[in-house]
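The values are calculated or read from the model by the stated rules, or taken from the named source; none is laboratory data. Quick caveat, the model's predicted, so the values are computed rather than measured. Here Cβ is always computed from backbone atoms with ideal geometry, including for glycine, and neighbour counts include all displayed protein chains. Side chains included, ligands, DNA and RNA excluded: accessible areas come from the protein's heavy atoms. Shrake-Rupley method; radii C 1.70, N 1.55, O 1.52, S 1.80 Å.
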Amino acid sequence: MRSALQNRHLRAAFGIALVASAAITSNAVAQSDPRVGLKPGINDAGEAAKGMELVGHGMKPDNMQNASNPGDFGFLNSDLAFQGKFVFQGSFNGFQIWDVSNVTKPALRMTFVCPGGQGDPSVYGHLLFISVEETRGRVDCGAQGVTDSVSKDRFRGVRIFDITDMDHPKQIAAVQTCRGSHTHTLVVNKSDKNNLYLYVSGTAPARSPSELAGCSGKDATDDANTSRFRIDVIQVPLAAPQNARIVSNPRIFATGTNIAGLWKGGNHGEGTQTTSGTDQCHDITVYAEMGLAAGACSGNGIVLDIKDPVHPKRIAEVSDPNFAYWHSATFSNDAKKVVYTDEWGGGTQPKCQSTDKLTWGADAIFSLDKGKMTPGGYFKVPAPQTATENCVAHNGMLIPVPGRDIMAQGWYQGGLAVFDFTDVSHPVEIAYFDRGPMSADKLYISGEWAAYWYNGNVYASEIGRGLDILQLKPTDMLSQNEIDAAKLITSTEMNPQAQTKIVWPASFSVSRAYLDQLGRNSGLASDKASKITADLDAAEKLSGGAQKSALNKLASSIQGEVKGASDQARVRALAESVKKLAESK
Amino acid sequence: MHGALHHTIARHARSIRAGIRMAAITALLAHAPASLRAQGTGNPADVAFMQGMIGHHGQALRMTSLVPERTTRADVRMLAEKIEASQLGEITTMKRWLADHHQEIPADPMASGPHTGMQMSGNMKMDMPALMPGMLTEQEMAQLAATKGADFDKQFLTFMIRHHEGALTMVARLLGTAGAAQESQMFGFSSDVDADQRGEIKRMRAMLNAPAQKNTRGK
């Protein structure tokens, strides 16, 4: 079944039909990709792009890098969070705040040195949350590290800053956890307006109980209270965030009384990947409006019911013989699909070379129906990268194009890719941006940590180079109308692992996006589509009652075309969008 | 990103001695010109850990190289292949770290016997344990090489579990050493070694107790 995927994958990537038996190897096709052979360089690397362009770049500031070693792990940039005109960029050395009022010239508002890695950020109102996992992390944010192996100065967990005065963030709480915080996810529960919750994923060794009472790194069989095989839930009282504390440690991998109930670790048979055992989540994406969360949990992908945020319950789990390490997750807008990523090699290895399988270190797409997950296809950047480019699937999120499931995603030095997973079995790349390696001779950890759509632009966190801002450009795989429809979706605050439901407002561009899609997939006879396009154009020129009436008439006429169309669902969505337009007038 | 590294194990008294010598050099470098210090010469415990782990990996490779000719089990063969496949990348990473910190890189661990190490001054050698935790003596290596079939599988898994447990001890000692693992990469590396060794120990214990899977590809 899955052996055909590699061919499908390439066919999708290049938008051409390959004859199944054609003697075109992945390498031969991929070698013609403009991403192959880009000039190396830190700030003058060659660039290749399709369907998008780099419009702005903010250089990594001096105090957030080690000038003598551009790959110094202590200074890597990490994830992003967004609020208003500000982008919060995490770093292993602290965090940075960019003012992106002018996307062509992102302005560094401030840097905050507070080492401890990975610096995963979330923002909520005047509160900024930062993950810390390393033993060098200090409660006081000092850069000198912590010499003693047991120390009250050490901080591993989640810091909470008050950023009311953005130029002077003030740490108001620092919640210690046993394994530190590799990532965390903000959980906003509408029925609990007094509290925020954080789901904390720790992946590092547990610390000594002498440093933090109750911590244990033992195996489940040796210690029922082990700090492994769980997540930590922090409650943040909004009226008194300084009192934030851990309120539960859900055993979300349990089956019956066995707290280590999921994947034990190991391979899945001859020729398969070796998958880590499930004793941690790496990242959790919550979709509060659906009452769901998707956990990427080292050895498994899981789905949680989070209606009670303090006591999440696992309702589904899946494993995959091509996955080494379940890393992150993204829901489709209707929560009927989940994209899981596999961080084979941990993000520090060059896993996108021509010899690496396109199904390893890739995204695996699953359909989700009533707690049952069914595997679909895989997506991986199709252009082979060099041996000095760390590359594997990493963080991303949806681009809100109506009628399609589209996602932007960082691939470290594989650049960033935008792909369509509307058909779970056949994901298709539709845009990309890539730079040459940092160096031709040496692998410096760098590249796009993440790529996220926010208010009309794609923001990407470049680990070694700074902040990238890109804009989509129309191609035969994504039209201007679809881009315009995506731009209708704006928010005042955005944390990528806290997904929110996308609802498109009434707009001509939404209807035209559907029409473009029906043209692309021949979902409606072309003469009928042309007539609807002309009627829609004519209606737009009208005003008042005449416009409303024309739109209502058009909506009913489109509804009448549903039965004869080959893509009935899309024609129906088109009719509804025109009706919504009429109602808005 | 999740940590950097991986599995496996093994190392050599020779490398340990090299580590100690490097620690001495590191101490000297503490008084080196600022220009050199700015590049960072690494914490002595971190340096010794990296140098030691290269040799530790080397012994694991010597152990896994015995597998194809001797095992009767597919799962043991696949485990050995996995360990081998990850070795080169890990050794490359460790060598790169040592080079970045201007530290001596131990010679190719695969070429190592017990007596091929660099020469040490006598008083440094005295403080050295013969082997790091979990390592096999040359006698045990020979004993492993002399077995075949089910005996080999049992012996291999038993020794490799011990070897992995030794790596966990090395990580625990590192994290318990004042000033160690304060560099991001060292923390990530040692975290990964810890996670991977734990996982493989669990797997190997299960394999010791499991009915053998027939090795259909080996000899």
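Take residue A:490 and tell me if it is in contact with a Leu (Cβ under 7 Å, 6 or more places away or on another chain) and either more than 30 Å from residue A:288 (Cα to Cα) or surrounded by fewer than 19 Cβ atoms within 10 Å (Cβ to Cβ) (or both).
Taking the combined requirement at face value, the residue does not satisfy it.
What's the number of the condition residue A:136 fails, among (1) within 24 Å of residue A:249 (Cα to Cα); (2) within 14 Å of chain B (Cβ to nearest Cβ); (3) surrounded by 24 or more Cβ atoms within 10 Å (Cβ to Cβ)?
(1)
Being within 14 Å of another protein chain (Cβ to nearest Cβ) and open to solvent by 10 Å² or more (accessible area, probe 1.4 Å) is the requirement here; does residue A:156 meet it?
For residue A:156, the condition - within 14 Å of another protein chain (Cβ to nearest Cβ) and open to solvent by 10 Å² or more (accessible area, probe 1.4 Å) - is not met.
Within region B:50-78, restricting attention to residues that are open to solvent by 10 Å² or more (accessible area, probe 1.4 Å) and closer than 22 Å to residue A:349 by Cβ, which residue is farthest from the other protein chains (Cβ to nearest Cβ)? Before you say what the answer is, go through the steps one by one.
Applying the first criterion (open to solvent by 10 Å² or more (accessible area, probe 1.4 Å)) to region B:50-78 yields B:61-62, B:65-66, B:68-70, B:72-73, B:75, B:77-78.
So of that shortlist, the ones also closer than 22 Å to residue A:349 by Cβ come out as B:61, B:78.
Numbers: B:61: 17, B:78: 6 Å.
So, considering only residues that are open to solvent by 10 Å² or more (accessible area, probe 1.4 Å) and closer than 22 Å to residue A:349 by Cβ, the one farthest from the other protein chains (Cβ to nearest Cβ) is B:61.
Residue A:364 passes all but one of (1) crowded, with 23+ Cβ neighbours inside 10 Å; (2) within 14 Å of chain B (Cβ to nearest Cβ); which number fails?
(2)
Can you find a residue in region B:80-89 that is in contact with a Phe, Trp or Tyr (Cβ under 9 Å, 6 or more places away or on another chain) and at pLDDT 90 or above?
yes
For a quick check of your reading of the model, give me the residue pairs whose first member lies in region A:111-122 and is more than 11 Å from chain B (Cβ to nearest Cβ), whose second is buried (at least 23 other Cβ atoms within 10 Å of the Cβ) and of a type in the set (Val, Ile, Thr), with beta-carbon atoms closer than 7 Å and at least 6 apart or on different chains.
Cβ pairs passing all conditions: A:121/A:130.
Name the pairs: first residue in region A:465-494 and at positive phi and touching a residue at least 24 places away in the same chain (Cβ under 8 Å), second residue in a loop (DSSP other than H, G, I, E, B) and crowded, with 20+ Cβ neighbours inside 10 Å, Cβ to Cβ under 9 Å, at least 6 apart or on different chains?
Listed pairs, sorted by first residue: A:466/A:60; A:466/A:106.
Can you confirm whether residue A:58 is open to solvent by less than 10 Å² (accessible area, probe 1.4 Å), more than 21 Å from residue A:185 (Cα to Cα), away from every other protein chain (no Cβ under 13 Å) and not β-branched (Val, Ile, Thr)?
Against the criterion (open to solvent by less than 10 Å² (accessible area, probe 1.4 Å), more than 21 Å from residue A:185 (Cα to Cα), away from every other protein chain (no Cβ under 13 Å) and not β-branched (Val, Ile, Thr)), residue A:58 qualifies.
Would you confirm whether any residue within region B:11-27 is closer than 22 Å to residue B:166 by Cβ and either at pLDDT 90 or above or assigned to a loop (DSSP other than H, G, I, E, B) (or both)?
Checked against the condition, which is being closer than 22 Å to residue B:166 by Cβ and either at pLDDT 90 or above or assigned to a loop (DSSP other than H, G, I, E, B) (or both), region B:11-27 yields at least one hit.
Going by the conditions given, is residue A:259 open to solvent by 10 Å² or more (accessible area, probe 1.4 Å), free of Cβ contacts under 8 Å to residues at least 40 places away in the same chain and hydrophobic (A, V, I, L, M, F, W, C)?
For residue A:259, the condition - open to solvent by 10 Å² or more (accessible area, probe 1.4 Å), free of Cβ contacts under 8 Å to residues at least 40 places away in the same chain and hydrophobic (A, V, I, L, M, F, W, C) - is met.
Restricting to region A:310-331, give me the number of residues that are more than 14 Å from chain B (Cβ to nearest Cβ) and under 20 Å from residue A:277 (Cβ atoms).
Result for region A:310-331: 8.
Within region A:336-350, track down each residue that is within 19 Å of the chain's Cα centre (by Cα), assigned to a loop (DSSP other than H, G, I, E, B) and within 11 Å of chain B (Cβ to nearest Cβ). Before you say what the answer is, go through the steps one by one.
Of region A:336-350, the ones within 19 Å of the chain's Cα centre (by Cα) are A:336-348.
Applying the additional criterion that residues be assigned to a loop (DSSP other than H, G, I, E, B) yields A:336, A:343, A:348.
Selection gives A:343, A:348.
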